[in-house]
Amino acid sequence: MASRLLWASRAASYLRISVFHRGFSSVIKDLKYADSHEWVKVDGNSATIGITDHAQDHLGDVVYVELPEVGVTVKQGASFGAVESVKATSDVNSPVSGKVVEVNEELSSSPALVNSSPYKDGWIIKVETDNAGELKKLMDADQYTKFCEEEDSKH
C-alpha cells in the first residue's frame with residue numbers, strides 16, 4: 001500500500017498534478033507523545049510505551065522489533081530498542097525514564113502488531129517510572145497532531 005502511494009505521488013509530481021495525501025494518522029487523547037514519535041500511557045508510576053500510528057505508517061510493514069531486557073534502566077530520550085521494517089530500521093526512544101518491568105513478547109513472533117494495533121496490542125515495553133515531571137516535556141494529543149502536520153508539510 002505504502003509503495004503504491006509513493007509511486008503515485010512520484011508519478012503525480014512528475015506529471016505536475018496534485019494528489020490527495022492521506023490525512024495524518026490516529027492520535028489517542030489520553031496519551032503523551034515524544035517528538036521522536038513514541039507514545040506513553042501513564043497509570044500511577046507504570047508507563048506503557050510504543051511507537052505512534054504516524055511512525056508505523058511512515059516505516060511501513062514492520063518485520064522485527066528489538067526488545068530490551070526486563071530490569072534494564074531507560075532514560076528519557078535515549079534509545080532502548082529498534083523497529084525494523086521493509087523500508088528502514090529506526091531506533092525506539094523512551095519518552096520517560098525508569099526500569100523496564102515488562103516487554104511485549106508477542107512482538108517477537110508477530111512484529112506486525114506494531115502496524116495493526118500500535119496503541120493496543122503493539123505496545124513495546126512497560127516501565128516503572130521514577131520522574132513524573134518528565135511528562136511535562138512531552139506533547140499532548142493536540143500538540144502532537146500539529147507537530148506531525150507541520151513535519152509532514154516539510155516533506
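The values are calculated or read from the model by the stated rules, or taken from the named source; none is laboratory data. What you see is a predicted model, and the numbers here were worked out from it, not measured in a lab. For neighbour counting, all protein chains shown are included, and Cβ atoms are generated from backbone atoms with ideal geometry for every residue, glycine included. Side chains included, ligands, DNA and RNA excluded: accessible areas come from the protein's heavy atoms. Shrake-Rupley method; radii C 1.70, N 1.55, O 1.52, S 1.80 Å.
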Residues satisfying the stated conditions in segment 51-77, i.e. open to solvent by 80 Å² or more (accessible area, probe 1.4 Å), under 16 Å from D152 (Cα atoms) and touching a helix residue (DSSP H, G or I) at 6+ places or on another chain (Cβ under 7 Å):
none
Report, by residue number, each residue of segment 73-108 that is part of a helix (DSSP H, G or I) and in contact with a strand residue (DSSP E or B) (Cβ under 8 Å, 6 or more places away or on another chain).
L107, S108
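If a residue must be of a type in the set (D, E, K, R), in contact with a strand residue (DSSP E or B) (Cβ under 7 Å, 6 or more places away or on another chain) and part of a helix (DSSP H, G or I), how many such residues does segment 138-155 contain? Quick ask: steps written out before the conclusion?
Step one: list which residues in segment 138-155 are of a type in the set (D, E, K, R), which gives 140, 142, 146, 149-152, 154.
Adding the requirement that they be in contact with a strand residue (DSSP E or B) (Cβ under 7 Å, 6 or more places away or on another chain) leaves 140.
Of the ones still in play, those that are also part of a helix (DSSP H, G or I) are none.
Total meeting the criteria: 0.
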Is it fair to say T48 is modelled with pLDDT of 90 or more, among the β-branched types (V, I, T), touching a helix residue (DSSP H, G or I) at 6+ places or on another chain (Cβ under 8 Å) and open to solvent by less than 40 Å² (accessible area, probe 1.4 Å)?
no
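Taking the criterion of being open to solvent by 80 Å² or more (accessible area, probe 1.4 Å), outside any strand (DSSP E or B), within 17 Å of E66 (Cα to Cα) and modelled with pLDDT of 95 or more, would at least one residue in segment 109-129 satisfy it?
Restricting attention to segment 109-129, the residues satisfying the condition of being open to solvent by 80 Å² or more (accessible area, probe 1.4 Å) are 109, 116, 120, 128.
Filter once more, so that each one left must be outside any strand (DSSP E or B): 109, 116, 120.
Now narrow it down to the ones that are within 17 Å of E66 (Cα to Cα): 109.
Those left that are additionally modelled with pLDDT of 95 or more: 109.
The answer is yes; a qualifying residue exists.
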